[in-house]
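Asker: Here it is: the structure, laid out below.
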Amino acid sequence: MERQIIRIDEEKCDGCGVCASGCPEGALQMIDGKARLVSEITCDGLGACIGDCPQGAIEIETREAAPYDECKTLDNILPMGANTLKAHLKHLYEHGQTTFLNQAIAYLQALKISIPDYKEKKMECGCPGSAPQTLHREPAKAEAREGLTSKLGQWPVQMHLISPMNPVFQKSDLLLAADCCAFAMADFNQKYLAGKTLAIACPKLDQNQEIYMDKMVALIDQAELNTITVMIMEVPCCGGLLRMAQTAVERAQRKIPIKAMIVGVDGEIRKEAWV
């Protein structure tokens, strides 16, 4: 199958071993003085190891790879002890990986292994690009730009990087926007983003969109979103984003309203309605 998985640049890797020690799944090992991906089925492709690499030798790529196997991963983790198991479960929980987390819990219960309290303390994500931030801006700087300022209130925004456990999403109104919308619309920030949290995605080009579904369900049930506004372009391929949001609401325990906004390629709203 084609999915996201890490790639190691051997020329940049200096063999420090930080990434391997930060991979509780056991997908990385130090061999012949270099970090090696030794097991595709235990690499979840979320890239927590990227931020641990001081040389920037690790990146995420999309290619043909064996599918990730949660049970095989746990078989590697369990001999390492309770703390490693806890770190792995926290990793899944804080990345919104509901499906894998449920698989892990069911597997541990079947083996009659005690499940550690993986929710007890927030663990910082190892990837700098996905580290949650709440953004604040100085009014004076906004005035200097004639009142024009970004209304983005959180980072990150790309669906692969956001965590449903980021407190900024709690009881918020989410704007789920197709990537192209902000570029087409002159008033995207001031009129449509203000007061909302943001997630962006491309329903045609993004890989591993099953991860998006898990995150959407987690945002609805765990972050307790108030509403979702789905903003898509008028081109046919964009409709997948609205269907994803509707399916997520169907799968979630909580039921929340969805507003659909269709944007023309000229940046004008073609249609706006609660669905």
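Asker: Could we say that residue 45 is in a loop (DSSP other than H, G, I, E, B), out of contact with any helix residue (DSSP H, G or I) (no Cβ under 8 Å at 6 or more places or on another chain) and within 21 Å of residue 208 (Cα to Cα) here?
Answerer: Answer is yes for this residue.
Asker: Ok, one more. Looking at residue 162 and the list (1) under 19 Å from residue 245 (Cα atoms); (2) over 14 Å from the mean Cα position of the chain (by Cα); (3) at pLDDT below 90, which single condition is not satisfied?
Answerer: The failed condition is (2).
Residue-by-condition table, conditions (1) part of a strand (DSSP E or B); (2) within 19 Å of the chain's Cα centre (by Cα):
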| position | (1), (2) |
| --- | --- |
| 238 | no, no |
| 246 | no, yes |
| 253 | no, no |
| 262 | yes, no |
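Asker: Of the numbered conditions (1) within 20 Å of the chain's Cα centre (by Cα); (2) modelled with pLDDT of 85 or more, residue 50 fails exactly one; give the number of that condition.
Answerer: (2)
Asker: Given 205, 219, which one is assigned by TED's automatic domain parsing to the domain that holds residue 181 and not in a loop (DSSP other than H, G, I, E, B)? Working first, answer last.
Answerer: Working: 205 fails: not in a loop (DSSP other than H, G, I, E, B).
Exactly one of 205, 219 is assigned by TED's automatic domain parsing to the domain that holds residue 181 and not in a loop (DSSP other than H, G, I, E, B), namely 219.
Asker: Let me ask you something else. Before we move on, is residue 39 crowded, with 16+ Cβ neighbours inside 10 Å, among the polar types (S, T, N, Q), more than 25 Å from residue 169 (Cβ to Cβ) and at pLDDT below 90?
Answerer: Details: crowded, with 16+ Cβ neighbours inside 10 Å: yes; among the polar types (S, T, N, Q): yes; more than 25 Å from residue 169 (Cβ to Cβ): yes; at pLDDT below 90: yes.
In short, yes.
Asker: List pairs: first residue in region 226-237 and within 16 Å of residue 197 (Cα to Cα), second residue basic (Lys, Arg) anywhere in the structure, Cβ distance under 8 angstrom, at least six positions apart or on different chains.
Answerer: Going by the 8 Å Cβ cut-off, the qualifying pairs are 226/171; 227/259; 228/259; 229/196; 229/259; 230/259.
Asker: Provide a single number: the residues in region 199-235 that are polar (S, T, N, Q) and at pLDDT 90 or above. Outline the logic, then answer.
Answerer: To start, the set of residues in region 199-235 that are polar (S, T, N, Q) comprises 207-209, 222, 226-227, 229.
From the residues that got through so far, the ones that are at pLDDT 90 or above too are 226-227, 229.
Number satisfying all stated conditions: 3.
Asker: Can you run down the residue pairs with Cβ atoms below 8 Å, 6 or more apart or on separate chains, where the first is in region 52-63 and closer than 14 Å to residue 10 by Cβ and not assigned by TED's automatic domain parsing to the domain that holds residue 24 and the partner is hydroxyl-bearing (Ser, Thr, Tyr) and surrounded by fewer than 13 Cβ atoms within 10 Å (Cβ to Cβ)?
Answerer: Note: no pairs meet the criteria.
Asker: Now, a different point. Considering region 94-117 alone, what residues qualify as being part of a helix (DSSP H, G or I), surrounded by fewer than 13 Cβ atoms within 10 Å (Cβ to Cβ) and of a type in the set (S, T, N, Q)? Explain how you work it out, then say what you get.
Answerer: Start the filter on region 94-117 by keeping residues that are part of a helix (DSSP H, G or I), which leaves 94, 98-110.
Right, trim to surrounded by fewer than 13 Cβ atoms within 10 Å (Cβ to Cβ) and you get 106, 109-110.
Of everything in region 94-117, just one residue is part of a helix (DSSP H, G or I), surrounded by fewer than 13 Cβ atoms within 10 Å (Cβ to Cβ) and of a type in the set (S, T, N, Q), namely 109.
Asker: Moving on to the next point. Restricting to region 182-209, name every residue that is without any contact (Cβ under 8 Å) to a residue 24 or more places away in the chain and either crowded, with 16+ Cβ neighbours inside 10 Å or among the charged types (D, E, K, R) (or both).
Answerer: 182, 187, 188, 191
Asker: Further, regarding this structure: For the subset of region 71-84 comprising residues that are without any contact (Cβ under 8 Å) to a residue 40 or more places away in the chain and touching a helix residue (DSSP H, G or I) at 6+ places or on another chain (Cβ under 8 Å), which member is farthest from residue 209 (Cα to Cα)? Outline the logic, then answer.
Answerer: From region 71-84, those without any contact (Cβ under 8 Å) to a residue 40 or more places away in the chain are 71-72, 74-75, 78-79, 81-83; that's our starting set.
Still in the list and also touching a helix residue (DSSP H, G or I) at 6+ places or on another chain (Cβ under 8 Å): 71-72, 74, 78.
Values: 71: 21, 72: 22, 74: 24, 78: 29 Å.
By that ranking, first place goes to 78.
Asker: Do we have any residue at all in region 223-234 that's aliphatic (A, V, I, L, M), over 29 Å from residue 186 (Cβ atoms) and either surrounded by 17 or more Cβ atoms within 10 Å (Cβ to Cβ) or touching a helix residue (DSSP H, G or I) at 6+ places or on another chain (Cβ under 8 Å) (or both)? Walk me through it before giving the result.
Answerer: Restricting attention to region 223-234, the residues satisfying the condition of being aliphatic (A, V, I, L, M) are 223, 225, 228, 230-233.
Subsequent filtering for residues that are over 29 Å from residue 186 (Cβ atoms) retains 223.
If we keep only those that are either surrounded by 17 or more Cβ atoms within 10 Å (Cβ to Cβ) or touching a helix residue (DSSP H, G or I) at 6+ places or on another chain (Cβ under 8 Å) (or both) as well, we get 223.
The answer is yes; a qualifying residue exists.
The values are calculated or read from the model by the stated rules, or taken from the named source; none is laboratory data. Quick caveat, the model's predicted, so the values are computed rather than measured. Cβ atoms come from the backbone with ideal geometry, glycine included; neighbour counts cover every protein chain shown.
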